[in-house]
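Contents: one structure, followed by commentary.
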């Protein structure tokens, strides 16, 4: 009799464990599908404000057709001091290249990752100087990390070719053509 009760208890425990395991597996699968299709961050179009006209300019999605040849995404966290030199060099290069080749169109997207210094002011100064069609600023509000800053910049860029450029000037913008050639030969 005791063996029968023990056997029944063991079967009951096994069934409960199996049901719990299946429930956990189902919860994991459902959550992964929910997260994969959660594009709430893409549903509301962020808006760029043109500091010259104070008019709102739609912020594109990465799924929209490319309007520019290249988008350079510059993540910036407390880069008030280094950003001007990096952007001056970048804009000089891009303008010179666009002057030689009319099909070369570009935009620079500065993603302010919740800076505590004057990074936002410096970024908007460049928008005023070069116009919102060529320089845009995405404000994250609070620091979310370099990866998220790059991701947000990429999601809201208009370029066919999307590249990240650090504000510290570690990569020289005039190496861009070498990288483009490598991308073209690989594709």
Scanning region 82-109 residue by residue, the ones that are in contact (Cβ under 8 Å) with a residue 24 or more places away in the chain and assigned to a loop (DSSP other than H, G, I, E, B) total 4
Which listed residue, of 28, 57, is in the same structural domain as residue 147 (by TED's automatic domain parsing), farther than 24 Å from residue 116 by Cα and at pLDDT below 95: 57
How about region 152-175: which of its residues are over 19 Å from residue 67 (Cα atoms), assigned to a helix (DSSP H, G or I) and touching a strand residue (DSSP E or B) at 6+ places or on another chain (Cβ under 9 Å)? 173
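So is residue 155 in contact with a helix residue (DSSP H, G or I) (Cβ under 9 Å, 6 or more places away or on another chain), under 18 Å from residue 76 (Cα atoms), in the same structural domain as residue 77 (by TED's automatic domain parsing) and touching a residue at least 60 places away in the same chain (Cβ under 8 Å) or not? I'd like the intermediate steps shown before the answer.
Working: in contact with a helix residue (DSSP H, G or I) (Cβ under 9 Å, 6 or more places away or on another chain): yes; under 18 Å from residue 76 (Cα atoms): yes; in the same structural domain as residue 77 (by TED's automatic domain parsing): yes; touching a residue at least 60 places away in the same chain (Cβ under 8 Å): yes.
Yes; evaluated as a whole, the condition is true for this residue.
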Given the criteria at pLDDT 85 or above and touching a strand residue (DSSP E or B) at 6+ places or on another chain (Cβ under 9 Å), does residue 70 qualify? yes
Of all residues in region 52-81, count the ones that are in contact (Cβ under 8 Å) with a residue 40 or more places away in the chain, part of a loop (DSSP other than H, G, I, E, B) and over 14 Å from residue 139 (Cα atoms). 8
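The values are calculated or read from the model by the stated rules, or taken from the named source; none is laboratory data. Computed from a predicted structure; not experimentally measured. Cβ: placed from backbone, ideal geometry, glycine included. Neighbour counts: every protein chain shown.
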